[in-house]
Every structure is written in C-alpha cells, then in structure tokens.
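Q: Take a look at this one; I'll ask things after.
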Amino acid sequence: MFLHNRGIAINLIIYICALKKIAMLPRFLMADNTDMPDAIFIVHTEYPRFVLNLENDEVEWFDTLEKDNEVDLEAEVSDLIGKAEEFYQREVDRYESQ
C-alpha cells in the first residue's frame, strides 16, 4: 500500500512540475520555417492550442474543440484568432520601433 501511494505521489509531482513548465511559456509565440519562406506562424500555447499561418489564415488545432453551443465555439475561435493577429502586430511594431 505504501509503495502504491508513493508512486501516485511521485506521478503527481511530475505532473505538477510539467504544468509549471508549460505555464512559463508565453501565451503566443511567433515562428517561421525555411521550407515556407513567405509564411509566418503564430503558436497559441494554451487550450485550445493551435498554429495560425498568417500567409493563408489556415489554422492547425492541436486540441479537440468541444462545445455544446456552436455559436459560442465560433465566437471563441474568432476571438482567439483576433488575439493572435493582435499579438503579431504588437511584435512587429515593437521590432520596427527599435
């Protein structure tokens, strides 16, 4: 019994440590790739995680989106895409002002 509980405790500690590492990531990241030289990507690191290709507005979702109300889901997705685009513009403005 003691070893079983100890194993659970160790797994819980590992899980909490992993969460803390994830929490240290910024909400949005910019990325590029030499295979797609014209594309700039915005990575959303929180749920629902996704990558937005700003060249063609394609979105690749890493998490399954589950909402009972389709209108709420569309509003949430639209809001997240807007925030990703605002993040990109903010970063470009900061870069250009240096």
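Computed from the coordinates by the stated procedures, all read-outs in this text should not be read as laboratory data. Not measured: the values here are computed from a predicted model. Note that we place each Cβ from the backbone using ideal geometry, even for glycine, and neighbour counts take in every protein chain shown.
Q: At a 10 angstrom cut-off on C-beta neighbours, averaged per residue, how do the peptides 70-79, 49-58 rank from highest to lowest?
A: Details: 70-79: 11.3, 49-58: 14.1.
Listed from highest to lowest mean packing, they are 49-58, 70-79.
Q: Considering the Cα positions of region 26-96, please state its Rg to one decimal place and its Dmax as a whole number of Å.
A: That works out to 12.9, 43 Å for Rg and Dmax.
Q: Please give the contour-minus-distance gain from residue 63 to residue 49: 0.36 nm per residue of separation, less the Cα-Cα distance, rounded to one decimal in nm. Show your work: numbers first, answer last.
A: Numbers: separation 14, 0.36 × 14 = 5.04 nm, distance 0.58 nm.
Residue separation times 0.36 nm, minus the Cα-Cα distance, leaves 4.5 nm.
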